[in-house]
Structures are given as structure tokens and as C-alpha cells.
Amino acid sequence: MKEVKIHDKIFVEHLSREVVQARVAGLGPEIAANYGGQPPLVLSVLNGAFIFTADLMRTLGMDAEVAFIRVSSYGGGMTSSGKVRQLLGLDIPVAGRKVLIVEDIVDTGHTVHWLRQELSAQGAAEVKVAALLFKKEAFQHDQEPEFTGFVIPNEFVVGYGLDYNQLGRGLDAIYKLKG
Ligand code: PRP
């Protein structure tokens, strides 16, 4: 079992690079089919979603516009704080547009819940969520992601964009905290 040390903690591989890549290769066409040839505005939630977004954009099979927003709910810790802070705003209008929020992980769901409300308030015609990882047991809202890569247990994970105190994002597999 592959292990990595990040700061003071040891993590073990949970989803290999091959497994992640195969799922992303399947998700792209699945999402594209849902839009019937009319690409949504892809809204990538920084920082964590940057790698998933880059790969998903290349498996979608259609040319979609991409925009970025930066919000934070974890702060520096290992649990979601529940308070969403917007660190970098959206600089394009979404009124009348179909928006696909791209997230590395949906945990409590506070972040995407807040984003769905925010985008709807700005007049988005439709808001859907594509999450690579979904911690279903930790989810505290009603509306689940429309597109999910993997449902994972309620354990702390890093890699493929996800960090532990800002490191580990460049790992090409998903690792979980060693128990
Ligand atoms: C993570 C992740 C999601 C959010 C999910 O971001 O990228 O945006 O937390 O948690 P929630 O469902 O409980 O709201 P984080 O705040 O760690 O910022 P980062 O993406 O910059 O690492």
C-alpha cells in the first residue's frame, strides 16, 4: 500500500491514479450527454478543484467556457468550519446561464449550498454540481451533487487537488489519513 507523509501525518492510498483517471474519463461524457450539446459555464471552485477541472475539461468532449471562484470553508484545519468565505469573486455575469459547479469534494455541503444560492440570486438559469468526491455520511443538505465521481467514507483525504495544510495537492492519487 502506497504511503506518503505530509507535514506530521501519514496517508495511505485510497483511490489509485488509474482508478481516478478512469472515472474522470467516464464522467466527462456522462456530463456532456446531460447538456445535449449546449455547454454549461464550468465554474471551478479554487483551490481544490483545479486539477479535477483541468482533467474534466479534457474529457467533456465539448468546448465549454471555464471560470473560477475562490471560497474557503476548511481554513487550515481538517474539518469543515461551516462558514464559507469568498476569497476571490466571480468576474463574469451568470444571469440566464446554465452553470456547472466543479468541486474536488463535497463534504458537509455548505460550500455548494452557499454557491447554489449565490448563483441563483445572480440569475443563473440552472445550477448543477460535479464533485469528484462526495462524503455522503457528512453531507448536511438536501440537494446532492448531480454528478459524483466517488462516494467516500467520512475520512480526511488528500491528493489530486486536495490538501492537508496546503500540501499534497499535486499527488496523482487520493490518499486517506492512516488509521
Ligand atoms: C474544500 C473543498 C470544497 C469544500 C467542501 O475547500 O475544495 O470547496 O472544502 O467542504 P464542505 O462541503 O464541507 O463545504 P477548502 O475550504 O478546504 O479550500 P481549498 O479548496 O482552497 O483547499
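Here are a few things to note about the model shown:
- The residues in the range 111-141 that are surrounded by fewer than 19 Cβ atoms within 10 Å (Cβ to Cβ) and touching a His at 6+ places or on another chain (Cβ under 9 Å) can be counted, and the count is 3.
- Listed by first and then second residue, the pairs with beta-carbon distance under 6 Å, at least 6 apart or on different chains, first residue in the range 139-163 and within 18 Å of V127 (Cα to Cα), second of a type in the set (S, T, Y) and in a strand (DSSP E or B), form an empty list.
- Test: residue in the range 9-31 that is at pLDDT 95 or above, open to solvent by 40 Å² or more (accessible area, probe 1.4 Å), touching a Phe, Trp or Tyr at 6+ places or on another chain (Cβ under 9 Å) and within 16 Å of the ligand (Cβ to nearest atom): yes
- A count restricted to the range 13-35 and to residues that are hydrophobic (A, V, I, L, M, F, W, C) and not in a helix (DSSP H, G or I) stands at 1.
- Residues (away from the ligand (no atom under 15 Å from the Cβ) and either crowded, with 22+ Cβ neighbours inside 10 Å or in a strand (DSSP E or B) (or both)) located in the range 43-59: none
- Some residue of the range 118-129 being near the ligand (Cβ under 9 Å from one of its atoms) and either free of Cβ contacts under 8 Å to residues at least 24 places away in the same chain or part of a loop (DSSP other than H, G, I, E, B) (or both): no
The values are calculated or read from the model by the stated rules, or taken from the named source; none is laboratory data. Keep in mind that this is a model prediction, so the values were computed, not measured. Please note: Cβ atoms are built from the backbone with ideal geometry, for glycine as well, and neighbour counts cover all protein chains shown. The area values use the complete protein model at the heavy-atom level, side chains included, leaving out ligands, DNA and RNA. Shrake-Rupley method; radii C 1.70, N 1.55, O 1.52, S 1.80 Å.
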